[in-house]
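This report concerns only the one structure given below.
The values are calculated or read from the model by the stated rules, or taken from the named source; none is laboratory data. Here the structure is a predicted model, which means the values were calculated and not measured. Cβ sites come from the backbone with ideal geometry, for glycine too, and all protein chains shown count toward neighbours. When the accessible area is computed, the model is the full protein with side chains, heavy atoms only, and any ligands, DNA or RNA have been set aside. Shrake-Rupley method; radii C 1.70, N 1.55, O 1.52, S 1.80 Å.
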Amino acid sequence: MEIVNIDAMQAKRALITGITGQDGSYLAEWLVGKGYAVYGIVRRVALADPERRLSRLRNVLPNIQLHAGSLESYASLHNVVEQVRPDECYHLAAQSFVTYSFDDEFSTFNTNINGTHYLLAAIKGVVPGCRVYFAGSSEMFGKAEEVPQNESTRFHPRSSYGISKVAGFHLTSNYREAYGMYACSGILFNHESPRRGYEFVTRKITAAVAAINAGRSQELRLGNLEARRDWGHSRDYVEAMWHMLQQPTPDDYVIATGKDHSVRDFVELAFSHVGLDYRQYVTTDPAFFRPAEVNVLCGDASKAKRAFGWSHRVEFEDLVREMVDADCRALATAQNSAFL
Ligand code: NAP
Ligand code: GDD
């Protein structure tokens, strides 16, 4: 696909891996709005099935350029980096579903660790001055020894996903320290939106609320309702990624709201938003419990606030309502709310 509507000679060039995902789509919109020439790496199959696989990019598709590549192939990443020669690279692509990482540790490590290594090595070889953002995660804290967690909190990952992100974090720091590259990790806490994948608990809940409210379903089966997460909005969080790459020196930052809520809180609010009592519909199912759970994640983003004035705008309650409303609307109009 070669849909180009950008003055690539003049604009700053940003390359996004994982551009088809939740964060990638919001980040692409943010960067296009800032006048960047935006390039994305997507899997080859996505180019053959844009209607389905590029649905989150509908708002920006005419303004970005996509290249086929795979995190499993150093050669493909090297080729794209050589063609694009980016000024900034946002590495968001990953096997991002914690539950799946218990089922297949090997592919999670391969995609998340080797993929990150290949990309860093390609950038070092081709455009060492490119500024790199690595999508770290609060899952790196895992069984955290303090609440809230900040940049100094010790890592204690509880899944191969968490381990893979710790490895990516250290790879990123090492490329900064050993080779002088401008490479940062964002340690982002959970962030959601109407574009969230259906496998994650928030979207699973809001999609089910919409279906139950429309009379199309009667039950929602969930796992651990007592787990607590610090949930923000993806649109707010991608702005922080950009800010990190605009600083005079590269560094790592926690991005979070500083407030945690339980899965049960999310469920209760989502159902009550459409006038339903969740206790009539929600059952717990051992199949959705994890072998090793992360009970509480809550972040302290004061370093990001000091450095570049970032703080979240969307509160938990508004996030839940926005997601429920989007899923209800999408069901009523038979649309995919990832478009919204
Ligand atoms: P997401 O919606 O699941 O998107 C993941 C992206 O990675 C998709 O574009 C996917 O492409 C791509 N991808 C996966 N495996 C790939 C492979 N082997 N080769 C090429 N591309 C591949 O995730 P997200 O919520 O936007 O999160 C973005 C990043 O932030 C991820 O690294 C995630 O681990 C991290 N993170 C997310 C959160 C959060 O709460 N959302 C918090 C902390 C960190 P396809 O469309 O082809 O599958
Ligand atoms: N997915 C899912 N499905 N989770 C459930 C369910 C269920 O049916 N029932 C309860 N949960 C609980 C999980 O056990 C977990 O404690 C919590 O809900 C959140 O699960 P997810 O929404 O799957 O997200 P996550 O916190 O494991 O991971 C997300 O956030 C990380 C940052 O902390 C992902 O976006 C990761 O990529 C990201 O790094």
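In table form, for the structure just shown:
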read-out: Given (1) within 19 Å of the chain's Cα centre (by Cα); (2) open to solvent by less than 60 Å² (accessible area, probe 1.4 Å); (3) of a type outside the set (A, V, I, L, M, F, W, C), index of the condition Tyr100 fails; value: (2)
read-out: Residues located in region 107-116, provided they are buried (at least 16 other Cβ atoms within 10 Å of the Cβ) and either out of contact with any His (no Cβ under 9 Å at 6 or more places or on another chain) or more than 20 Å from Gly24 (Cα to Cα) (or both); value: Thr108, Phe109, Thr111, Asn112, Ile113, Asn114
read-out: Sole residue being more than 26 Å from Tyr36 (Cα to Cα) and out of contact with any Cys (no Cβ under 7 Å at 6 or more places or on another chain), chosen from His261, His233; value: His261
read-out: Hits in region 223-235 (condition: open to solvent by less than 10 Å² (accessible area, probe 1.4 Å) and assigned to a helix (DSSP H, G or I)); value: Ser234
read-out: Within region 194-222, tally of residues that are surrounded by 18 or more Cβ atoms within 10 Å (Cβ to Cβ) and assigned to a loop (DSSP other than H, G, I, E, B); value: 3
read-out: Residue check for Phe155: among the hydrophobic types (A, V, I, L, M, F, W, C), in contact (Cβ under 8 Å) with a residue 60 or more places away in the chain, open to solvent by 10 Å² or more (accessible area, probe 1.4 Å) and more than 9 Å from ligand 1 (Cβ to nearest atom); value: no
read-out: Among the candidates Leu31, Leu47, residue that is of a type outside the set (D, E, K, R), open to solvent by less than 20 Å² (accessible area, probe 1.4 Å) and touching a strand residue (DSSP E or B) at 6+ places or on another chain (Cβ under 9 Å); value: Leu31
read-out: Checking Arg235 against (1) in contact with a Gly (Cβ under 9 Å, 6 or more places away or on another chain); (2) closer than 23 Å to Gly136 by Cα, the condition it does not meet; value: (1)
read-out: Enumeration of residues in region 260-315 that are over 24 Å from Ser234 (Cβ atoms) and not in a helix (DSSP H, G or I); value: Gly275, Leu276, Asp277, Tyr281, Val282, Thr283, Thr284, Asp285, Phe289, Pro291, Ala292
read-out: Answer residue from region 236-261, given it is touching an Asp or Glu at 6+ places or on another chain (Cβ under 6 Å) and of a type in the set (Val, Ile, Thr) and is most open to solvent (accessible area, probe 1.4 Å) among those; value: Thr257
read-out: Residues (farther than 19 Å from Tyr198 by Cα and among the hydrophobic types (A, V, I, L, M, F, W, C)) located in region 209-246; value: Val238, Ala240, Met241, Trp242, Met244, Leu245
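Residue-by-condition table, conditions (1) open to solvent by less than 10 Å² (accessible area, probe 1.4 Å); (2) within 12 Å of ligand 1 (Cβ to nearest atom):
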| site | (1), (2) |
| --- | --- |
| Glu105 | no, no |
| Gly125 | no, no |
| Cys130 | yes, no |
| Ala135 | no, yes |
| Glu139 | no, yes |
